[in-house]
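K.L.:
Handing you this structure, nothing more for now.
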Amino acid sequence: MPEPRVFPRARYRIAGDRGLLAEYGDGIDPEVNRRVRAMAAVLRARPPAGVVEVVPTYRSLLVTYDPLETGAGRLREAIDALEDRLGEIPVPEPRTVEIPVCYGGAYGPDLGFVAETHDLAEEDVVAIHAGTLYQIYMIGFTPGFPFLGGLDPRLHTPRLDTPRTAVPAGSVGIANDQTGIYPVTSPGGWRLIGRTPLKLFDPARADPFLYRAGDRIRFVAIGEDAFRRLGEDAP
Amino acid sequence: MTAAVRVVRPGAYTTVQDGGRVGFQHLGVPVSGALDPFAFRVANLLVGNPPGRAVLEVTILGPELEVLAPADLAVAGAQLDVRVNGEGVGCWRSFRVAPGDVVSVGQATAGCRAYLAVTGGFDVPVVMGSRSTYAGGAIGGLNGRSLRAGDELAALPGALLARPRELPDRLRPDYPGEVGLRAVRGPQDEFFDEGFRRLFGEPYLVTPKADRMGYRLQGAPVPLAPGRPRSIVSEPSMPGGVQIPPDEQPIVLLVEQTVGGYAKIATVVTPDLGRLAQTTPGDRVVFEEVDLDAAHGLYREAVARSRTIEDLW
């Protein structure tokens, strides 16, 4: 597969009468994603008139707007002009968030499948998965669901053929070259290798989320006792 | 805070909704909110509320509610039978209720969703700027879920009407079994060629897989252009996006979705989303292409129409 390209200038796509997508590259790539997040930071710091919401994802940025205040053409010009001033606005420093995970057993019913697929012992899968620092490329699907890049190729595993109707909150999964965590119980087709006792999304907390797009996640393997203890004390 | 109503029967799927939860899509929280903004706003205006107060969104079959405090109520949207203690009171008009009254909202005979407003608006905790229920994330509304028998809902303070209100007949939408949906091309225009002729040329049927996340349609397959991959790098989605999954049957995305990984051939204009949300399985939708300038003209017209109604009272 060819290397993803970083576009020299944003390419724009019309997402209906209230949305404009700016694309910064043609694939999943750390540099492309850095541009996306940098532009999101600039747009939030200096929002052009009429901008409602800024949503960064892997390689594209959705800017939603009020059509009574602006139009796609004016918005493009404003975004292009801000692009030239990218260096002036600092991108928030990424934080590293540690997520304790109890791997395997009832917590990660697909750990055995992932190990067999790659001819690894379960402990090896855990060591590889917990031994990597992951970048949060985007958050979506459900509140706080982090799409993480950087999964070791030795663990790339296809999704389930038939998604589960209810994946328990906290489940850590793998889908091809991605890994992620289900913050709320939801349907899902990722291979589940473990579960965190932390509440990744809690609307009752002052900050309902533990991380933002651009932050990094490190998984820390824990045992069942720690899972129960942390679950009780979870923030 | 006193309870306004107690739920006797919840109906098919009744949730608390307001204008939606804007600003959290980058954290995976979809906008949610009333699917038919026109009927939602009118319901509020009919009881003397500002247009964005929280209401009950009724789906196909309405609830039965016991009134616990004096209030004005109004139901707007889908055509259904509304009764107080067995007496018909009708839609698109306010009616006064007293403690002990039983309000029953029947089955929709045209349209899919109706909005029941109460004096002051329903009072549930504001979560991330909105009272809207997002059941997928278990937030908003009453405990993040649809109503159940026995639930009690409070209302914010508000003044009772000096005289009843009614929306004039000529301003009431009808909910036909076939609706036209105007749409602009994109975001993934270049993924389609023949697909545009299908989408903008053939009628589609609403399938039973139609909910607040999106409406799955059935009709002429919309093929990807030769050589295009079956999926795209996941990107944010907008309400109205017409996504084409591998089975080539369109899905119109609605308000409980933040990202998607299938190419979108077109995006339905905002003013037509409420009409889509009023269709039920078996209804027909016909897509009509408009350019972005025309779409923005339609948007301004819809806003102006909505303001005309605010000026009625």
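K.L.:
Taking the stretch B:65-82 on its own, how many of its residues are crowded, with 17+ Cβ neighbours inside 10 Å and more than 17 Å from the chain's Cα centre (by Cα)?
P.N.:
Number of matching residues: 7.
K.L.:
Step by step: first the residues of the stretch A:19-33, then only those that are more than 29 Å from B:D293 (Cβ to Cβ) and modelled with pLDDT of 90 or more, then the one that is surrounded by the most Cβ atoms within 10 Å (Cβ to Cβ). Which residue is that?
P.N.:
Per the criteria, the residue is A:N33.
K.L.:
Also, quick follow-up: Among what's in the stretch A:58-115 and is small (G, A, S) and in contact with a Ser or Thr (Cβ under 9 Å, 6 or more places away or on another chain), pick the residue that is farthest from B:Q25 (Cα to Cα).
P.N.:
So, considering only residues that are small (G, A, S) and in contact with a Ser or Thr (Cβ under 9 Å, 6 or more places away or on another chain), the one farthest from B:Q25 (Cα to Cα) is A:G108.
K.L.:
I would also like to ask the following. Does the stretch B:144-159 include one or more residues that are more than 14 Å from chain A (Cβ to nearest Cβ), closer than 30 Å to B:G23 by Cα and of a type in the set (S, T, Y)?
P.N.:
Checking the stretch B:144-159: at least one residue is more than 14 Å from chain A (Cβ to nearest Cβ), closer than 30 Å to B:G23 by Cα and of a type in the set (S, T, Y).
K.L.:
Please go through the stretch A:207-216 and pick out each residue that is touching a residue at least 12 places away in the same chain (Cβ under 8 Å) and over 10 Å from the mean Cα position of the chain (by Cα).
P.N.:
Scanning the stretch A:207-216 gives A:P208, A:F209, A:L210.
K.L.:
Can B:T133 be described as away from chain A (no Cβ under 14 Å), within 27 Å of B:P70 (Cβ to Cβ) and touching a Gly at 6+ places or on another chain (Cβ under 9 Å)?
P.N.:
So B:T133 fails the test.
K.L.:
In addition: For B:D311, all conditions in the list (1) touching a Lys or Arg at 6+ places or on another chain (Cβ under 6 Å); (2) at pLDDT below 95; (3) acidic (D, E) hold save one; what is the number of the exception?
P.N.:
(1)
K.L.:
Tell me the residue from A:G173, A:G180, A:G189, A:G194 that is assigned by TED's automatic domain parsing to the domain that holds A:V125 and more than 25 Å from A:R228 (Cβ to Cβ), please.
P.N.:
So the residue among A:G173, A:G180, A:G189, A:G194 that is assigned by TED's automatic domain parsing to the domain that holds A:V125 and more than 25 Å from A:R228 (Cβ to Cβ) is A:G189.
For every residue, the table says whether it meets (1) part of a strand (DSSP E or B); (2) more than 30 Å from A:A213 (Cα to Cα); (3) in contact with a Gly (Cβ under 6 Å, 6 or more places away or on another chain).
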residue	(1), (2), (3)
B:R6	yes, yes, no
B:H26	no, no, no
B:F40	no, yes, no
B:P50	no, yes, no
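K.L.:
Which of the residues spanning the stretch B:263-283 are buried (at least 23 other Cβ atoms within 10 Å of the Cβ) and more than 27 Å from B:R300 (Cβ to Cβ)?
P.N.:
B:A263
K.L.:
Within the stretch B:115-151, take every residue that is within 19 Å of B:V75 (Cα to Cα) and not in a loop (DSSP other than H, G, I, E, B) and give me the one that is farthest from the chain's Cα centre (by Cα).
P.N.:
Taking the candidates together, the pick is B:D123.
K.L.:
More than 12 Å from B:L276 (Cα to Cα) and either part of a loop (DSSP other than H, G, I, E, B) or in contact with an Asp or Glu (Cβ under 9 Å, 6 or more places away or on another chain) (or both), is that true of B:R230?
P.N.:
Yes; evaluated as a whole, the condition is true for this residue.
K.L.:
Shifting gears a bit: Considering A:A22, A:A40, A:A45, which residue is away from chain B (no Cβ under 14 Å) and hydrophobic (A, V, I, L, M, F, W, C)?
P.N.:
On the way: A:A22 fails: away from chain B (no Cβ under 14 Å); A:A40 fails: away from chain B (no Cβ under 14 Å).
Exactly one of A:A22, A:A40, A:A45 is away from chain B (no Cβ under 14 Å) and hydrophobic (A, V, I, L, M, F, W, C), namely A:A45.
K.L.:
Given the criterion of a type outside the set (A, V, I, L, M, F, W, C), more than 14 Å from chain A (Cβ to nearest Cβ) and surrounded by fewer than 21 Cβ atoms within 10 Å (Cβ to Cβ), identify the matching residue among B:P176, B:P125.
P.N.:
B:P176
K.L.:
If I ask for residues that are within 14 Å of another protein chain (Cβ to nearest Cβ) and either farther than 20 Å from B:L254 by Cα or over 26 Å from the mean Cα position of the chain (by Cα) (or both), which ones from the stretch B:197-241 would you list?
P.N.:
Result: B:R228, B:P229, B:R230, B:S231, B:I232, B:V233.
K.L.:
From the list B:T279, B:T267, pick out the single residue that is under 30 Å from B:G227 (Cα atoms), among the hydroxyl-bearing types (S, T, Y) and either within 14 Å of chain A (Cβ to nearest Cβ) or in contact with a strand residue (DSSP E or B) (Cβ under 9 Å, 6 or more places away or on another chain) (or both).
P.N.:
Details: B:T279 fails: under 30 Å from B:G227 (Cα atoms).
Answer to the check: B:T267.
K.L.:
Give, as residue ranges, the strands (runs of 3 or more DSSP E) completely inside the stretch A:153-202 that count at least 1 residues that are surrounded by fewer than 16 Cβ atoms within 10 Å (Cβ to Cβ) and within 14 Å of another protein chain (Cβ to nearest Cβ). Steps first, answer last, please.
P.N.:
On the way: elements: A:164-167, A:171-175, A:178-181, A:186-188, A:191-195.
Correct list: A:164-167, A:186-188.
K.L.:
Take the residues of the stretch A:43-84 that are out of contact with any Leu (no Cβ under 7 Å at 6 or more places or on another chain) and of a type in the set (S, T, N, Q): which is surrounded by the most Cβ atoms within 10 Å (Cβ to Cβ)?
P.N.:
Checking each candidate, the answer is A:T57.
K.L.:
Check B:D272 against each of (1) away from chain A (no Cβ under 13 Å); (2) touching a Lys or Arg at 6+ places or on another chain (Cβ under 6 Å); (3) within 18 Å of B:A183 (Cβ to Cβ) and name the one condition it does not meet.
P.N.:
All conditions pass for B:D272, except number (1).
The values are calculated or read from the model by the stated rules, or taken from the named source; none is laboratory data. The model shown is predicted, which means the values in this text are computed figures rather than measured ones. We place every Cβ from the backbone using ideal geometry, glycine too, and count neighbours over all the protein chains shown.
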